[in-house]
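The values are calculated or read from the model by the stated rules, or taken from the named source; none is laboratory data. Since the model is a prediction, treat every value here as computed from it, not as a measurement. Reconstructed Cβ throughout: ideal geometry from the backbone, glycine too, with neighbour counts over all protein chains shown.
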Amino acid sequence: MTPCFTMTADGVMLTVRATPKASRDAIAGTVEIGDSRSAAAIRLAAPPVDGAANAGLIALLARELGVRKADVTIQSGQSARIKMVRIAGDPARLARALEDVLARG
């Protein structure tokens, strides 16, 4: 299974499998999404209505990774469960933070 994120020149690209309407916001580790690919399994309390779940995803990732919400952008999958999320910042620091957060899940 491939890692759920890749480092870029100015941050990381993270593959996410979002589950809205959960009991609470949480990063629940990784999950296989087919073709030997993996994604970060993220539960969101917000419903998938009017962008609420996407806003919750951005806020959760920013809080857990110690970056500003403006540094987290959904690159693709705005209305899908599988999303590509770009997180701007120091790639090495973000990779370590993601590994720690995903291991706790």
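Among the residues of the stretch 1-19, the one identified as hydroxyl-bearing (Ser, Thr, Tyr) and either in a loop (DSSP other than H, G, I, E, B) or at pLDDT below 95 (or both) is THR2. A Cβ distance below 8 Å, combined with a sequence gap of six or more or placement on separate chains, defines the contacts here; from the stretch 6-29, residues that are under 21 Å from ARG96 (Cα atoms) and surrounded by fewer than 16 Cβ atoms within 10 Å (Cβ to Cβ) reach residues that are modelled with pLDDT of 95 or more and among the small types (Gly, Ala, Ser) in the pairs MET7/ALA92; MET7/ALA95; ASP10/ALA88; ASP10/GLY89; ALA28/ALA41; GLY29/ALA40; GLY29/ALA41. Determine whether the stretch 45-65 contains at least one residue that is modelled with pLDDT under 95, under 14 Å from ARG17 (Cβ atoms) and either acidic (Asp, Glu) or out of contact with any His (no Cβ under 7 Å at 6 or more places or on another chain) (or both). Scanning the stretch 45-65, I find at least one residue that is modelled with pLDDT under 95, under 14 Å from ARG17 (Cβ atoms) and either acidic (Asp, Glu) or out of contact with any His (no Cβ under 7 Å at 6 or more places or on another chain) (or both), so the answer is yes.
Based on what the data block shows, is VAL101 over 10 Å from the mean Cα position of the chain (by Cα), over 11 Å from VAL16 (Cβ atoms) and buried (at least 19 other Cβ atoms within 10 Å of the Cβ)? Criteria not met by VAL101.
Looking only at the stretch 45-83, which residues are under 11 Å from the mean Cα position of the chain (by Cα), buried (at least 16 other Cβ atoms within 10 Å of the Cβ) and among the aliphatic types (A, V, I, L, M)? Result: LEU57, ILE58, LEU60, LEU61, ALA62, LEU65, VAL72, ILE74. Checking each residue in the stretch 80-102 for being over 17 Å from THR8 (Cβ atoms) and free of Cβ contacts under 8 Å to residues at least 12 places away in the same chain picks out ALA80, ASP100. Per the listing ALA59, ALA80, the residue uniquely of a type outside the set (Phe, Trp, Tyr), farther than 18 Å from ALA103 by Cα, touching an Asp or Glu at 6+ places or on another chain (Cβ under 9 Å) and not in a strand (DSSP E or B) is ALA59. Suppose we filter the stretch 63-77 for residues that are part of a helix (DSSP H, G or I) and touching a residue at least 60 places away in the same chain (Cβ under 8 Å); how many remain? Selection size over the stretch 63-77: 1.
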